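A.B. asks: Here it is, the structure in full.
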Amino acid sequence: MPETTTPRRPQSGERDESARSCTGPLTFGQLHDLPVSIDIPTAGRMLRIGRTRAYAMARAGTFPARVIPVGAGYVVPTAEVLRLLGIDTPRPAPHPPATPLTLRIVESCNESS
């Protein structure tokens, strides 16, 4: 039977890095891994706005980025927050050009309908 261990609590003066990973500033790598839309706490974290204040700003309509109400919550377009921070949003990769095989498949589908 595997032995289970409880996580060690930080001693006084030590930092709890696991908690910091969810509350500290985001790295550039984390910024570019974000989905298309994010929740209010994440958008607030990106702008260094606390969770409570971010929700209050969203309710009051003063959040610095567009807030979209969804059900009982909100989402914020990630690209807008990145632009506020002066970070270019990545452009989607272009579609590969059509090959002769792709064109033949499309033509055969059009002929059969």
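A.B. asks: Can you find, among TYR55, THR42, LEU26, the residue farthest towards the positive end of the dipole of region 20-89? Put +1 on the C-beta of Lys and Arg, -1 on that of Asp and Glu.
C.D. replies: TYR55
A.B. asks: So between GLU80 and GLN30, what do we pick up on full extension, going 0.36 nm a residue minus the alpha carbon distance?
C.D. replies: Separation in residues times 0.36 nm, less the Cα-Cα distance, equals 16.4 nm.
Taken together, the values in this text are just the output of simple stated rules run on the coordinates, not laboratory data. Since the structure is predicted, the reported quantities are computational estimates derived from the model, not experimental observations. For neighbour counting, all protein chains shown are included, and Cβ atoms are generated from backbone atoms with ideal geometry for every residue, glycine included.
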